[in-house]
């Protein structure tokens, strides 16, 4: 059974701090990784994707991938209260399917 | 770009009735659409993968006769929950893949189904 694991949280960080969200996956052959943000009662919205080892930056967001350790993370710099949401890690599997983690709830305290 | 819509956004129905949910890709052609279900405080669970012009592929444990999926065009997929019961109450979300060269999925806004 392929799995994607995330700490459910909540992860609380003060406004302006860096929030670090982590995700591990079981399938060593996985090649594509995604971070989505989901506000309560809404559907997920794509933050970024990452396919290669290393860091990928997009604005305040940085995704980090380490395939050897089967680990992907998302850093949010200068966290804002509006970043408070559940962050879902998704790992591509098979024919374009995703396996989702259970999500980490982030609270940014003003 | 990559906008996906769903209709209706919310539906309340009586037990035993059928409900149809539409998923449309508004500014692209979606070769593949996916249907998910999300219960409160849980993650998204994939129900089925829908390819235009062919039968949907259902995940293990999902009843294909209860959750009918039709993907008649490159911009429209429908999910019909037949003979709905209270345990089918959930948040149903579709997503679409924009092209053959990407596995990025864009999600619709979701449909909240409540079965009384």
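See the values below:
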item: Flag for residue B:84 being more than 19 Å from residue A:35 (Cα to Cα) and surrounded by 21 or more Cβ atoms within 10 Å (Cβ to Cβ); result: yes
item: Unmet requirement for residue A:83, which otherwise passes all of (1) more than 17 Å from residue A:56 (Cβ to Cβ); (2) within 14 Å of another protein chain (Cβ to nearest Cβ); result: (2)
item: Members of region A:30-80 that are surrounded by fewer than 16 Cβ atoms within 10 Å (Cβ to Cβ), outside any strand (DSSP E or B) and within 14 Å of chain B (Cβ to nearest Cβ); result: A:31, A:39, A:40, A:41, A:42, A:51
item: Counted residues, region B:36-57 - those being under 24 Å from residue B:115 (Cβ atoms) and either within 12 Å of another protein chain (Cβ to nearest Cβ) or modelled with pLDDT of 95 or more (or both); result: 14
item: Entirely in region B:1-104, the strands (runs of 3 or more DSSP E) that have 3 or more residues that are touching a residue at least 40 places away in the same chain (Cβ under 8 Å); result: B:4-7, B:10-13, B:19-25, B:32-38, B:76-81, B:90-97
item: Unique match (being away from chain B (no Cβ under 14 Å), in contact (Cβ under 8 Å) with a residue 40 or more places away in the chain and within 18 Å of residue B:42 (Cα to Cα)) among A:106, A:88; result: A:106
item: Test: residue in region A:4-16 that is within 14 Å of another protein chain (Cβ to nearest Cβ), in a loop (DSSP other than H, G, I, E, B) and within 19 Å of residue B:34 (Cβ to Cβ); result: no
item: Any hit, region A:23-32, residues being under 13 Å from the mean Cα position of the chain (by Cα), under 29 Å from residue B:99 (Cα atoms) and at pLDDT below 95; result: yes
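The values are calculated or read from the model by the stated rules, or taken from the named source; none is laboratory data. Fair warning: this is a prediction, and the values are worked out from it, not measured in the lab. For neighbour counting, all protein chains shown are included, and Cβ atoms are generated from backbone atoms with ideal geometry for every residue, glycine included.
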